1. Within the set of pairs 6+ apart or on separate chains, which have a first residue in the stretch 71-87 that is free of Cβ contacts under 8 Å to residues at least 24 places away in the same chain, a second that is assigned to a strand (DSSP E or B) and of a type in the set (F, W, Y), and C-beta atoms under 7 Å apart?
2. Exactly one of these conditions fails for A79: (1) buried (at least 17 other Cβ atoms within 10 Å of the Cβ); (2) over 27 Å from A25 (Cα atoms); (3) touching a Gly at 6+ places or on another chain (Cβ under 7 Å); (4) at pLDDT 95 or above. Give me its number.
3. Within the stretch 16-70, track down each residue that is among the polar types (S, T, N, Q) and assigned to a strand (DSSP E or B).
4. Of A3, A30, A25, A47, which residue is among the aliphatic types (A, V, I, L, M) and either modelled with pLDDT under 95 or closer than 30 Å to W69 by Cβ (or both)?
5. Condition check: at pLDDT 95 or above, surrounded by 13 or more Cβ atoms within 10 Å (Cβ to Cβ) and under 24 Å from D126 (Cα atoms). Does S64 satisfy that?
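The values are calculated or read from the model by the stated rules, or taken from the named source; none is laboratory data. Model, not experiment: these values are computed from the prediction. Neighbour counts run over all protein chains shown; Cβ positions are idealised from the backbone, glycine included.
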Amino acid sequence: MDAARYDERLGVPLRWWVQGVMLVASLWLALVVAVPGAAAWLCSGLALALLAALLLSYGSARVSVEGGWFRAGRARIEAVHLGSVAALDAEETRRVAGPEADARAYLLLRPYLKRAVRVEITDPADPAPYWLVSSRHPDELAAAIHGLTESARA
């Protein structure tokens, strides 16, 4: 992988899908004894469609480093406005997202991803002092952002 190129989708884990389907199955079981079969199937089908829409929407956030830009979810910032980058372990992520958090920071965190990357923002016009972004591969993401900032400074 090119040092200044990275792309990741923060999709939800398989266990969330399994638990959601089990919840809908429980709903179906409760409905099938209380209402006519067709209504139970219709309500369960709608619940399953809603579950899929919610999990796909929540897990659709992308993190990418490409073309001089760092993107995290809907936010993006040009490489010239990025400062220091650090890949955080689970304990550091918990601390930076919790007790040591700055309310102005931009956060793209997912509870099923325990590690993150902290990126300092140097743009004086940007109110966010840093971005904290969850990742399955924080070391690779940090290296890509570092490569992006180095190429922007060159």
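1. Pairs that qualify, where the first residue is free of Cβ contacts under 8 Å to residues at least 24 places away in the same chain and the partner is assigned to a strand (DSSP E or B) and of a type in the set (F, W, Y), are R76/W69; R76/F70.
2. Every listed condition holds for A79 apart from (4).
3. Scanning the stretch 16-70 gives a single hit, S64.
4. Every option except A3 fails the conditions.
5. The answer is yes for S64.
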